[in-house]
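Beneath this line is the structure, given in C-alpha coordinates, with notes to follow.
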Amino acid sequence: MMLIQFKVNGKSYSIDVCPTMRLLDLLRDELGLTGTKEGCAEGECGACTVIIDGEAVNSCLVLASQVRGKEIITVEGLGEDGKLDILQQKFLEHSAVECGFCTPGMLMSAKALLMKNPHPTEEEIRLAIAGNLCRCSGYSQIVAAVKDAAKG
Ligand code: FES
Ligand code: FES
(Lines give C-alpha, C1' and ligand atoms only; values in the text may rest on other atoms or scores of the structure.)
(Ligands and ions follow the chains in the order given, each with its own letter.)
Protein backbone atom coordinates (compact mmCIF):
# COMPACT_ATOMS: atom_id res chain seq x y z
CA MET A 1 0.00 0.00 0.00
CA MET A 2 1.08 3.58 -0.51
CA LEU A 3 -0.22 6.78 1.02
CA ILE A 4 -1.24 9.46 -1.47
CA GLN A 5 -2.64 12.93 -1.03
CA PHE A 6 -4.72 14.63 -3.66
CA LYS A 7 -7.81 16.79 -4.12
CA VAL A 8 -11.11 15.85 -5.69
CA ASN A 9 -13.69 18.55 -6.36
CA GLY A 10 -11.86 20.88 -3.99
CA LYS A 11 -11.76 18.40 -1.09
CA SER A 12 -8.40 17.07 0.19
CA TYR A 13 -7.88 13.34 0.63
CA SER A 14 -5.09 11.28 2.14
CA ILE A 15 -5.62 7.61 1.34
CA ASP A 16 -3.67 4.36 1.30
CA VAL A 17 -3.92 2.79 -2.14
CA CYS A 18 -2.70 -0.41 -3.72
CA PRO A 19 -0.01 0.44 -6.34
CA THR A 20 -2.07 -1.26 -9.06
CA MET A 21 -5.37 0.48 -8.28
CA ARG A 22 -6.77 2.57 -11.14
CA LEU A 23 -7.93 6.15 -10.58
CA LEU A 24 -11.37 5.06 -11.83
CA ASP A 25 -11.64 2.54 -8.97
CA LEU A 26 -10.31 5.01 -6.42
CA LEU A 27 -13.05 7.47 -7.40
CA ARG A 28 -15.91 4.99 -7.65
CA ASP A 29 -15.08 2.39 -5.01
CA GLU A 30 -13.10 4.30 -2.39
CA LEU A 31 -14.67 7.77 -2.63
CA GLY A 32 -18.15 6.72 -3.76
CA LEU A 33 -18.07 9.09 -6.74
CA THR A 34 -19.96 6.83 -9.12
CA GLY A 35 -20.81 9.54 -11.64
CA THR A 36 -17.63 8.60 -13.51
CA LYS A 37 -18.51 5.56 -15.61
CA GLU A 38 -16.58 2.51 -16.77
CA GLY A 39 -17.24 1.52 -20.36
CA CYS A 40 -14.40 -0.15 -22.22
CA ALA A 41 -11.72 -0.04 -19.49
CA GLU A 42 -9.09 0.40 -22.20
CA GLY A 43 -9.05 4.06 -23.13
CA GLU A 44 -11.40 3.82 -26.11
CA CYS A 45 -14.79 5.15 -24.99
CA GLY A 46 -14.19 8.20 -22.77
CA ALA A 47 -16.97 7.27 -20.30
CA CYS A 48 -14.44 7.49 -17.47
CA THR A 49 -13.16 10.99 -18.34
CA VAL A 50 -12.22 13.26 -15.45
CA ILE A 51 -10.16 16.44 -15.34
CA ILE A 52 -6.70 16.25 -13.77
CA ASP A 53 -4.92 19.58 -13.34
CA GLY A 54 -6.99 21.06 -16.16
CA GLU A 55 -6.62 18.19 -18.64
CA ALA A 56 -9.33 15.72 -19.66
CA VAL A 57 -8.00 12.23 -18.90
CA ASN A 58 -9.34 8.68 -19.13
CA SER A 59 -9.35 7.58 -15.49
CA CYS A 60 -9.28 3.91 -16.50
CA LEU A 61 -5.76 4.44 -17.84
CA VAL A 62 -4.36 6.28 -14.82
CA LEU A 63 -3.04 4.63 -11.67
CA ALA A 64 -4.30 6.10 -8.42
CA SER A 65 -0.67 6.53 -7.36
CA GLN A 66 -0.15 8.91 -10.30
CA VAL A 67 -2.53 11.54 -8.89
CA ARG A 68 -0.39 12.28 -5.86
CA GLY A 69 -0.53 16.06 -5.30
CA LYS A 70 -2.95 16.61 -8.19
CA GLU A 71 -6.36 18.25 -8.39
CA ILE A 72 -9.13 16.20 -9.92
CA ILE A 73 -12.58 17.31 -11.00
CA THR A 74 -15.28 14.71 -11.55
CA VAL A 75 -18.82 15.19 -12.82
CA GLU A 76 -19.93 15.55 -9.18
CA GLY A 77 -17.77 18.68 -9.02
CA LEU A 78 -19.71 20.49 -11.74
CA GLY A 79 -22.23 23.06 -10.60
CA GLU A 80 -22.36 24.70 -7.20
CA ASP A 81 -24.84 25.04 -4.36
CA GLY A 82 -27.34 22.73 -6.00
CA LYS A 83 -27.20 24.72 -9.26
CA LEU A 84 -26.26 22.95 -12.47
CA ASP A 85 -23.12 23.92 -14.37
CA ILE A 86 -23.94 25.79 -17.59
CA LEU A 87 -22.87 22.71 -19.58
CA GLN A 88 -25.28 20.45 -17.67
CA GLN A 89 -28.03 23.02 -18.17
CA LYS A 90 -27.41 23.20 -21.92
CA PHE A 91 -27.24 19.40 -22.26
CA LEU A 92 -30.73 19.31 -20.75
CA GLU A 93 -32.06 22.12 -22.92
CA HIS A 94 -30.72 20.50 -26.11
CA SER A 95 -31.85 16.98 -25.16
CA ALA A 96 -28.22 15.93 -25.45
CA VAL A 97 -28.76 13.00 -23.07
CA GLU A 98 -30.35 9.70 -24.12
CA CYS A 99 -29.29 6.71 -22.00
CA GLY A 100 -26.83 9.01 -20.22
CA PHE A 101 -23.95 6.57 -19.97
CA CYS A 102 -21.56 8.74 -21.98
CA THR A 103 -22.81 11.99 -20.45
CA PRO A 104 -20.43 12.40 -17.48
CA GLY A 105 -17.43 11.81 -19.75
CA MET A 106 -18.80 14.14 -22.44
CA LEU A 107 -19.39 16.84 -19.85
CA MET A 108 -15.87 16.56 -18.47
CA SER A 109 -14.21 16.65 -21.90
CA ALA A 110 -16.32 19.70 -22.78
CA LYS A 111 -15.57 21.32 -19.42
CA ALA A 112 -11.82 20.86 -19.91
CA LEU A 113 -12.15 22.49 -23.34
CA LEU A 114 -14.11 25.50 -22.02
CA MET A 115 -11.69 25.95 -19.12
CA LYS A 116 -8.89 26.43 -21.64
CA ASN A 117 -10.84 27.91 -24.51
CA PRO A 118 -14.10 29.63 -23.50
CA HIS A 119 -15.15 30.32 -27.10
CA PRO A 120 -14.30 27.23 -29.16
CA THR A 121 -15.23 26.69 -32.78
CA GLU A 122 -17.42 23.74 -33.74
CA GLU A 123 -14.32 21.97 -35.01
CA GLU A 124 -12.57 22.47 -31.67
CA ILE A 125 -15.64 21.13 -29.84
CA ARG A 126 -15.78 18.05 -32.06
CA LEU A 127 -12.06 17.49 -31.53
CA ALA A 128 -12.39 17.84 -27.74
CA ILE A 129 -15.08 15.14 -27.58
CA ALA A 130 -13.54 12.94 -30.27
CA GLY A 131 -12.47 10.44 -27.61
CA ASN A 132 -15.97 10.19 -26.14
CA LEU A 133 -18.23 7.62 -27.77
CA CYS A 134 -22.01 7.94 -27.65
CA ARG A 135 -23.76 4.79 -28.79
CA CYS A 136 -27.10 6.59 -28.77
CA SER A 137 -25.66 8.81 -31.53
CA GLY A 138 -26.51 12.10 -29.88
CA TYR A 139 -23.49 13.94 -31.23
CA SER A 140 -25.36 16.78 -32.96
CA GLN A 141 -27.25 17.74 -29.83
CA ILE A 142 -24.12 17.39 -27.71
CA VAL A 143 -22.12 19.70 -29.99
CA ALA A 144 -25.02 22.18 -30.04
CA ALA A 145 -25.19 22.09 -26.22
CA VAL A 146 -21.47 22.78 -25.84
CA LYS A 147 -21.67 25.59 -28.41
CA ASP A 148 -24.55 27.15 -26.52
CA ALA A 149 -22.77 26.79 -23.16
CA ALA A 150 -19.78 28.61 -24.64
CA LYS A 151 -22.04 31.57 -25.43
CA GLY A 152 -22.51 31.93 -21.66
S1 FES B 1 -13.71 3.20 -19.58
FE2 FES B 1 -12.02 4.51 -19.77
S3 FES B 1 -11.96 5.03 -21.87
FE4 FES B 1 -13.58 3.58 -21.71
S1 FES C 1 -26.53 9.07 -24.43
FE2 FES C 1 -26.37 6.91 -24.49
S3 FES C 1 -24.28 6.55 -24.92
FE4 FES C 1 -24.51 8.68 -25.13
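The values are calculated or read from the model by the stated rules, or taken from the named source; none is laboratory data. For clarity, every value in this text was computed on a predicted model and none was experimentally measured. Don't worry about glycine lacking a Cβ; one is built from the backbone with ideal geometry, like all the others, and counts go over all protein chains shown. Each accessible area value is taken on the protein alone, full model and side chains, heavy atoms only, with ligands, DNA and RNA left out. Shrake-Rupley method; radii C 1.70, N 1.55, O 1.52, S 1.80 Å.
Filtering segment 1-52 to residues that are small (Gly, Ala, Ser) and open to solvent by 10 Å² or more (accessible area, probe 1.4 Å) leaves Gly10, Ser12, Ser14, Gly32, Gly35, Gly39, Ala41, Gly43. Could you grab the pairs with beta carbons closer than 7 Å, sequence gap of 6+ or different chains, first residue in segment 76-87 and of a type in the set (Phe, Trp, Tyr), second one at pLDDT below 95? That search, which allows pairs on different chains as well, returns nothing. Being in contact (Cβ under 8 Å) with a residue 24 or more places away in the chain and under 21 Å from Val8 (Cβ atoms) is a property that Leu133 lacks. Filtering segment 95-152 to residues that are more than 14 Å from ligand 2 (Cβ to nearest atom), of a type in the set (Lys, Arg) and more than 12 Å from Thr49 (Cβ to Cβ) leaves Lys116, Arg126, Lys147, Lys151. Annotation note: of Glu98, Glu124, the sole residue that is in a loop (DSSP other than H, G, I, E, B), of a type in the set (Asp, Glu) and not assigned by TED's automatic domain parsing to the domain that holds Glu44 is Glu98.
Pick from segment 53-75 the residues that are open to solvent by less than 80 Å² (accessible area, probe 1.4 Å) and without any contact (Cβ under 8 Å) to a residue 60 or more places away in the chain: which of them is nearest to Cys136 (Cα to Cα)?
From segment 53-75, those open to solvent by less than 80 Å² (accessible area, probe 1.4 Å) are 54, 56-60, 62-65, 67, 69-70, 72-75; that's our starting set.
The next check asks that each one be without any contact (Cβ under 8 Å) to a residue 60 or more places away in the chain; those that pass are 57, 59-60, 62-63, 75.
Working: Val57: 22, Ser59: 22, Cys60: 22, Val62: 27, Leu63: 30, Val75: 20 Å.
Once the filter is applied, the top-ranked residue is Val75.
Filter segment 69-86 down to residues that are in a loop (DSSP other than H, G, I, E, B) and closer than 11 Å to Val8 by Cα and give me whichever is nearest to ligand 1 (Cβ to nearest atom). Selected residue: Thr74.
Residues in segment 16-58 that are among the small types (Gly, Ala, Ser) and in contact with an Asp or Glu (Cβ under 7 Å, 6 or more places away or on another chain): Gly35, Ala47.
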